[in-house]
Structure formats: C-alpha cells, structure tokens
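The values are calculated or read from the model by the stated rules, or taken from the named source; none is laboratory data. Worth saying up front: this structure is predicted, and the values here are computed from it rather than measured. Methodologically, a virtual Cβ is constructed for each residue, glycine included, from the backbone with ideal geometry; neighbour enumeration extends over all protein chains shown. For accessibility, only protein heavy atoms count, side chains too; no ligands or nucleic acids. Shrake-Rupley method; radii C 1.70, N 1.55, O 1.52, S 1.80 Å.
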Amino acid sequence: MVIKSVCGYCGVGCGIEFDTHRLIGDVAYPINEGKLCSKGVSELISIQTASRLLRPLMRERIEEGYEVSTWDKSIAKIVSAIQKAPKERVGIYLSGQLLTEDYYVANKLGKGFIGTNNVDTNSRTCMASAVTAHIKAFGIDYVPVRMKDIFKSDLLILVGANTAEAHVVFHNQIVKAKKQGLKIIVIDPRLTDTAKIADVHLPIKVGSDIDFFNLVASRIIDEGLVDEAFIEKSVNNFTLLKNKFKRIPKTKMLKRTGITQEQFEEFWELFKANENIISAWTMGLNQSSQGVDKNLALINIHLLTGKIFKEGNGPFSLTGQPNAMGGREVGGLSTMLAVHFGFDKDSIKKVSEFWGTDKIDNKAGLTATEMMKANLEVLIICHTDPVYHLPNRHETERLMKKIPLVVEINAYENSETSNFAHIKLPAAPWGEKEGTQTNMDRTITKQMKLTRTSIDCKADWEIFQLLGQALGYREAFNFKNPQEIFEEFQAMCRLNPHLDIYNANYKELNSEPFVWGEKIRQEGKFFTKNQKANLHFVENRLMSEKISLTHPFILLTGRTRDQWHSGTKTNLPKTLLYHKKLNFCEIHPNDAKALGLRNGDAIKIISARGAIESEALITDTIREKTLFVPLSNREINYLTNDLLDSESMEPDYNHTPVQIERL
Ligand SMILES: Nc1nc2c(c(=O)[nH]1)N[C@H]1C(S)=C(S)[C@@H](COP(=O)(O)OP(=O)(O)OC[C@H]3O[C@@H](n4cnc5c(=O)[nH]c(N)nc54)[C@H](O)[C@@H]3O)O[C@H]1N2
Ligand SMILES: Nc1nc2c(c(=O)[nH]1)N[C@H]1C(S)=C(S)[C@@H](COP(=O)(O)OP(=O)(O)OC[C@H]3O[C@@H](n4cnc5c(=O)[nH]c(N)nc54)[C@H](O)[C@@H]3O)O[C@H]1N2
Ligand code: SF4
Ligand SMILES: [Mo]
C-alpha cells in the first residue's frame with residue numbers, strides 16, 4: 001500500500017510516497033516530479049538510529065548524569081516549577097520544524113493559559129527579518145509568490161540564497177526553468193553552486209545589499225521604469241522616496257558593494273530587458289543587524305515597478321524550515337499573539353473568548369534571542385538546539401547554566417542543549433507521528449505516521465497537552481488527535497478571515513495539499529490602514545562589527561547540501577555519502593598565500609568571543625578577506641557576534657570579524 005506524506009526537512013516541502021519499505025518522491029506534489037534530495041531520501045534511516053532519545057531523563061544539577069525517569073514524575077516537576085515562577089519568567093522556545101498542531105497547542109498553553117507571551121521560536125534566527133519587513137511593507141506577513149511562478153517569469157534574482165544546497169528540489173526546478181528561458185542573477189559573496197548556473201553573478205561585499213538595492217531603485221526612478229499607475233493606486237511614500245534618492249552618495253554606495261560599474265550595468269541590462277521578475281532571498285539578507293532594512297530595500301524594487309501580484313513576479317522570501325510558515329500562521333513568534341493577530345485590545349478580546357481564558361498578557365513577549373538574558377526560572381525548549389544555534393555561544397552557555405529548570409523536548413539524545421538541560425523528554429520524530437506543515441509558498445500538507453511510535457515517545461503536541469492538563473486546564477487541552485487540533489485552529493482562523501485555512505480538509509491534506517491566501521494574490525490586496533503598500537527609505541547604517549588588524553576577515557556561515565544544521569538527523573553512519581566535509585573553511589588563494597596556508601591545513605579561527613578549529617579549503621569561489629564555515633561544524637557559534645537587528649531581533653550571523661592561525 002502506498003502512503004502519501006511529506007518530507008520534514010526544508011521549506012520546499014516535497015511530497016513523499018512510502019510503499020511499505022522505502023520512500024520515493026511523490027510525482028504529483030508540489031513540484032518535485034518524483035524526486036527527493038539526499039535528506040528526503042534518508043528520512044527513514046534517521047528514525048532508526050541508535051542516537052534516538054527514548055525515555056524521559058532527569059537530573060537535579062547539570063554537573064550530574066541523567067537518570068531514567070517517568071512521564072508522570074517529569075511533568076509534575078515541570079508543572080510545579082511553572083506554578084512557582086512569575087509568569088514573565090517562564091519561557092517556551094519552539095522551532096520552525098514543529099508541526100502546526102504542536103505549535104498551536106504550545107502557543108495556546110503559553111500565551112493563553114500560563115499567561116506568558118515568552119513563546120518564541122528558532123525562526124527568530126531565520127526569517128524574523130522577513131516577517132517584520134512583510135508587515136511593514138504589506139501590512140501583513142504574506143509571501144506573494146509561488147514556486148511554480150518561476151516558469152512564468154523571465155528573470156530570477158537570487159540574493160543571499162544558495163538554493164543548490166538549501167532548497168535542492170526547488171533548485172532543480174530553477175535549472176529546468178532556465179532551460180526554458182529563465183534568466184538568473186545571483187548576488188552572493190561566494191560563487192556558490194547556485195551562482196554557477198547564473199547568467200550574472202555579482203560577488204557583493206557582505207552586508208552591502210541595501211546600497212545595491214538603493215542604487216537599483218534610484219536607477220528605476222531615473223530611467224522612468226516606475227509603474228506610475230500601480231504607485232498611484234497601491235503604494236504609499238513614493239514622493240518621499242524619490243526626494244531621498246536625489247541625495248544619495250551613489251559612487252560611495254557602489255564602492256561599498258564591491259561591485260564594479262560594469263558588473264552593475266550587466267545587472268541593469270538584464271533587469272531592464274525583462275518584464276516578469278522574481279527576487280528570492282534567504283539568510284544572506286535576513287541574518288543581519290540590518291536584516292529588516294535589507295528586506296525592505298529589495299521589496300521597494302517590486303513596489304516601484306509594480307512587479308508583484310502578477311504571475312511570474314514578486315519578492316519571494318524562501319522559508320528555510322519545513323513549517324516556519326505554519327508557525328507564523330499559528331502565532332509562534334512572541335511578537336504575535338495568534339492567527340496573525342498582535343496584542344491590541346480587540347485581538348486579545350477575540351482570542352480570549354475563543355480559547356475561554358482571561359490570562360492573555362497585552363505586551364509582546366521575549367524573543368528567542370532575548371530569553372537567555374532574562375533570568376528565566378523555567379525554560380522549555382522543543383525541537384531545536386539553542387546552545388548550538390544562538391550566536392556568541394560562550395555567553396549562551398553561561399546564561400543557560402543560570403536557569404534553574406531547563407527542559408529539553410527532543411527526538412534525539414545528542415543535541416548541544418542536552419548538556420545544559422535538567423529534564424529531557426523524548427519526542428516522536430517524523431514518521432512516528434502525524435500532522436500538518438505549511439511550506440514556503442503557503443502550501444499546507446500532512447506528514448503521515450508511517451510506523452509505530454517508539455514506546456515511551458510522544459508527539460510534541462501531546463507533551464504540551466500533558467503540561468496543560470497537569471496545570472489544571474483539562475477542558476482547553478483535551479485533544480484526542482492532531483485532526484481535532486487542526487480543526488480548532490481552522491475555526492480560530494475565521495477570526496482573521498484572510499487566513500482562509502478554514503477551507504482546507506484535514507483528512508485529504510496528504511494527498512491534496514491546500515494553498516491558503518490565493519485570493520489575496522488574485523485581488524492584489526495590501527493590509528495597511530489605507531490598503532496601500534509602503535515604500536521605505538532605508539540606508540546602509542554600517543551596523544555590523546568592523547574588521548580590524550587583529551580580526552581582518554569576515555566570517556560567513558551557512559548550509560551544505562547533505563547536512564541538516566546540527567546533524568542529529570543527517571550526520572549518521574548509515575548516510576555516509578556526504579558531498580562535503582562537516583568542517584572546512586573556504587579561504588581565497590590570495591589570503592591563503594599571505595598566511596602561508598595550504599589546502600587541507602588545520603587552522604584555528606579566532607573571533608573576539610572564541611575560537612574553533614577547522615580545515616583550510618582554498619578556493620577562488622569566495623571573495624578575498626571573506627571566509628565561509630558550514631553549520632555542520634557544531635561549534636561555529638563560539639565565534640559569532642550577538643548583535644541583533646533592532647526590529648526583528650534576528651542575529652547578525654554573517655558578519656563576524658575573525659583571524660586565522662595555522663595549527
Ligand atoms: N541542506 C540543508 N538545507 C537547508 C538547511 C540545512 O541545514 N541544510 N536549513 C534550512 C534553513 S533553516 C534555512 S534558513 C535555509 C537557508 O537557506 P540559504 O540562506 O540559502 O542558506 P545559507 O547557506 O545560509 O546561504 C546564505 C547565502 O548567503 C550568502 N551571504 C552571506 N552574507 C551575505 C550578504 O551580506 N549578502 C548577500 N547577498 N549574500 C550573503 C552566503 O554566502 C550564502 O551563500 O536553508 C534550509 N535548507
Ligand atoms: N552561525 C549560524 N547560526 C545559525 C544559522 C546560521 O546560518 N549561522 N542559522 C540559524 C537558523 S536559520 C536556524 S533555522 C537555526 C537552526 O538551529 P536548530 O533548530 O537548533 O537546528 P537543528 O539541528 O535543526 O535542531 C533541531 C532539533 O530538533 C530535534 N528533533 C528532530 N525531530 C524532532 C521531533 O520530532 N521533535 C522534537 N521535539 N525534536 C526533534 C533534533 O534532534 C535537533 O536537536 O540555526 C540558526 N543558527
Ligand atoms: S528539497 Fe527539501 S523538502 Fe525536498 S526532499 Fe530535499 S530536504 Fe526534503
Ligand atoms: Mo532557518
């Protein structure tokens with residue numbers, strides 16, 4: 001019998017077919033044509049590994065070893081700590097890899113019943129800048145492009161996105177569209193595998209994207225490419241922006257980008273010559289101390305030219321994790337309440353009535369990037385590894401050690417956070433549970449249970465439900481299965497009707513995915529007060545740490561194709577066909593020469609905060625004075641700086657000054 005399900009790794013959300021013993025790509029959905037990348041193919045292997053966490057574990061102090069516990073004892077201990085703590089000192093740290101039902105129950109428990117808005121997610125380190133920019137520009141967190149649009153487009157501009165490694169199956173479709181005539185521009189300090197298929201690669205200097213897009217915007221205005229009718233009907237602040245651009249220091253800006261005038265003209269020729277344009281971006285824009293402004297500078301281009309809400313056009317924020325988008329819909333960020341509502345009186349009233357509670361606080365909660373610093377008494381971490389992924393790890397570790405009760409809910413036992421937890425609860429991973437996820441183009445699909453749940457493991461939503469019940473909220477947390485949760489969430493979406501998720505049919509979602517928000521796109525609607533999109537004048541304020549004589553290189557960090565972040569699911573003995581090493585450091589030949597380094601040399605990379613070891617990979621695919629180390633080096637964040645974007649609170653991961661020494 002064939003069961004249809006969906007891959008649980010990246011935001012592409014490839015359909016999978018399971019025929020009793022093996023996985024193959026689903027030919028129908030969404031655009032994978034029966035193909036999966038190495039991660040999708042290995043899903044089944046990852047649930048059979050010896051490093052699964054299979055029992056609740058507990059210890060009094062983190063210096064001690066863990067002892068096997070029971071669910072009853074562990075839940076009772078957590079509940080007692082929550083009851084004793086002031087609610088603002090309880091934190092729930094979630095993940096864009098949770099299913100919508102998990103997210104919904106955790107959010108309902110935290111914001112609705114514990115009464116703390118300190119419910120945030122690792123998506124804070126990922127797409128928070130895009131969320132904030134969408135809301136500022138469109139009045140709503142909405143992605144107006146679908147993946148299949150690339151086949152209706154003439155030009156795809158990929159900015160700080162390495163689809164060849166991070167969104168593999170989508171990338172294969174980009175390659176296919178290219179064969180049908182799509183032109184591609186890649187803007188990235190590295191000549192990535194993605195850049196290798198581009199018609200034009202602009203090796204931009206790290207952190208200068210705002211300068212670049214401002215130059216493009218001002219050129220659009222100067223050469224009369226503005227869509228005046230669209231601006232008149234649908235856009236605010238045009239005159240303001242136009243006046244501001246009269247005074248920008250263009251030569252200085254171009255110099256900051258490191259792009260030559262000739263390269264810029266090459267870009268401009270393609271931009272001008274093509275009618276339908278999509279620009280897609282990921283961490284190269286979001287993970288920056290100016291992440292929101294980088295997003296806004298790019299969105300400006302589409303608003304000025306009216307290249308949005310038309311097939312084959314628009315700004316396309318590519319979501320990284322499989323359900324980061326679903327988390328946004330539910331309200332899994334501490335800066336949102338639920339179903340795209342904020343913390344205004346009216347929203348709180350509606351949500352309170354819906355949940356039957358009077359406990360909702362009216363202030364935004366702590367973001368994931370603030371939680372460690374907040375003297376929390378209880379921190380519940382689910383489906384993510386903050387010790388590994390937050391910037392400035394020495395500081396994260398120091399602060400986490402001070403939290404009296406750290407609970408980790410994980411399906412695997414070897415996370416970095418597990419060294420700092422007091423209680424570990426075993427979750428049922430992909431394949432052992434069921435539930436929905438929304439991919440990067442608003443498509444909702446359903447993961448299916450393919451095998452029995454390991455004896456002592458529970459789906460993440462069940463664990464939050466147990467906590468809710470033990471806290472005394474039996475009526476609000478009485479779900480029998482994910483379907484009931486999804487249907488309650490659907491009913492809640494009716495409070496904010498643009499989230500037309502209520503039209504989906506849970507039972508069918510694994511074979512017939514549902515795309516929400518298509519009406520918004522068809523009607524070309526913005527959700528600001530006057531229903532027009534906002535242009536924003538933004539400038540490169542050079543907010544990142546500067547290189548110095550002691551730390552002359554800028555460190556970039558990112559993905560490789562076969563590894564998933566910390567590698568609990570992908571760095572396994574049975575999947576040894578990695579195309580790249582787990583730990584390497586790309587360095588330009590000229591820099592290597594100056595340091596006397598040879599390929600393969602063991603090196604130490606040192607920042608103002610810490611040091612890690614790596615191996616030199618000498619390559620001219622990276623800009624001079626720039627280094628790249630993959631996230632599969634679990635120690636990477638001992639180096640990274642902890643500056644945040646002041647609006648999205650997203651870290652500046654791609655901008656850490658470092659030094660190299662040969663070991
Ligand atoms: N194989 C694999 N795939 C994944 C993941 C994984 O762990 N492994 N993770 C998923 C997740 S959660 C995410 S968020 C996505 C991330 O997807 P991507 O963002 O595409 O992945 P990164 O490798 O972080 O690539 C970011 C690119 O930005 C470039 N860059 C850095 N700084 C700048 C800058 O200032 N300007 C510009 N223009 N470019 C810059 C880097 O050189 C790099 O090539 O991937 C998802 N897919
Ligand atoms: N330097 C640097 N740091 C970064 C980034 C970067 O580009 N550079 N990127 C940032 C981004 S975009 C992201 S998204 C984060 C990712 O960072 P993390 O979210 O910390 O990375 P993962 O390794 O994916 O962690 C997922 C955890 O969930 C566990 N898990 C797997 N299945 C289940 C399940 O079903 N239930 C439960 N409860 N647990 C499960 C896994 O074992 C693993 O420990 O890293 C951020 N940090
Ligand atoms: S591209 Fe993403 S969703 Fe598709 S198989 Fe690979 S990891 Fe899974
Ligand atoms: Mo991410």
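Taking the criterion of being part of a loop (DSSP other than H, G, I, E, B) and either within 16 Å of ligand 2 (Cβ to nearest atom) or β-branched (Val, Ile, Thr) (or both), the residues of region 114-157 that qualify are Thr116, Cys126, Met127, Ile140, Val143, Val145. Among the residues of region 499-523, those identified as of a type outside the set (D, E, K, R) and surrounded by fewer than 16 Cβ atoms within 10 Å (Cβ to Cβ) are Tyr502, Asn503, Asn505, Gln522. Summed over region 166-195, the residues that are within 16 Å of ligand 4 (Cβ to nearest atom) and open to solvent by less than 10 Å² (accessible area, probe 1.4 Å) give a count of 2.
Listed by first and then second residue, the pairs linking a residue in region 157-181 that is within 12 Å of Gly11 (Cβ to Cβ) to a residue that is within 16 Å of ligand 4 (Cβ to nearest atom) and small (Gly, Ala, Ser), with Cβ atoms under 7 Å apart and 6 or more places separating them unless they lie on different chains, are Ala161/Ala280; Ala161/Gly284; Ala166/Gly320; His167/Gly11. Considering region 443-458, and only residues there that are crowded, with 24+ Cβ neighbours inside 10 Å and of a type outside the set (Val, Ile, Thr), the residue that is nearest to ligand 1 (Cβ to nearest atom) turns out to be Gln447. It is to be established whether one or more residues within region 246-269 are open to solvent by less than 10 Å² (accessible area, probe 1.4 Å), out of contact with any Ser or Thr (no Cβ under 9 Å at 6 or more places or on another chain), away from ligand 4 (no atom under 16 Å from the Cβ) and farther than 18 Å from Ser208 by Cα. No, region 246-269 has no match at all. Going residue by residue through region 523-535, is there one that turns out to be within 30 Å of Ile622 (Cβ to Cβ) and either within 25 Å of the chain's Cα centre (by Cα) or assigned to a loop (DSSP other than H, G, I, E, B) (or both)? No, the conditions are met nowhere in region 523-535.
The set of residues from region 454-491 being of a type in the set (A, V, I, L, M) and either under 17 Å from Ile380 (Cβ atoms) or at pLDDT below 95 (or both) comprises Ile455, Ala459, Ile463, Leu466, Leu467, Ala470, Leu471. Condition first: basic (Lys, Arg), in the same structural domain as Met372 (by TED's automatic domain parsing) and within 25 Å of Lys84 (Cβ to Cβ). Can you find one or more residues in region 417-434 that meet it? There is at least one residue in region 417-434 that is basic (Lys, Arg), in the same structural domain as Met372 (by TED's automatic domain parsing) and within 25 Å of Lys84 (Cβ to Cβ). Taking the conditions (1) assigned to a loop (DSSP other than H, G, I, E, B); (2) touching a strand residue (DSSP E or B) at 6+ places or on another chain (Cβ under 7 Å); (3) more than 16 Å from ligand 2 (Cβ to nearest atom) in turn, Pro322 satisfies each one other than (3). Scanning region 279-304 for residues that are more than 23 Å from Asn237 (Cβ to Cβ) and not polar (S, T, N, Q) gives Ala280, Met283, Gly284. On inspection, Thr163 qualifies as open to solvent by less than 10 Å² (accessible area, probe 1.4 Å), within 16 Å of ligand 4 (Cβ to nearest atom) and touching a helix residue (DSSP H, G or I) at 6+ places or on another chain (Cβ under 6 Å).
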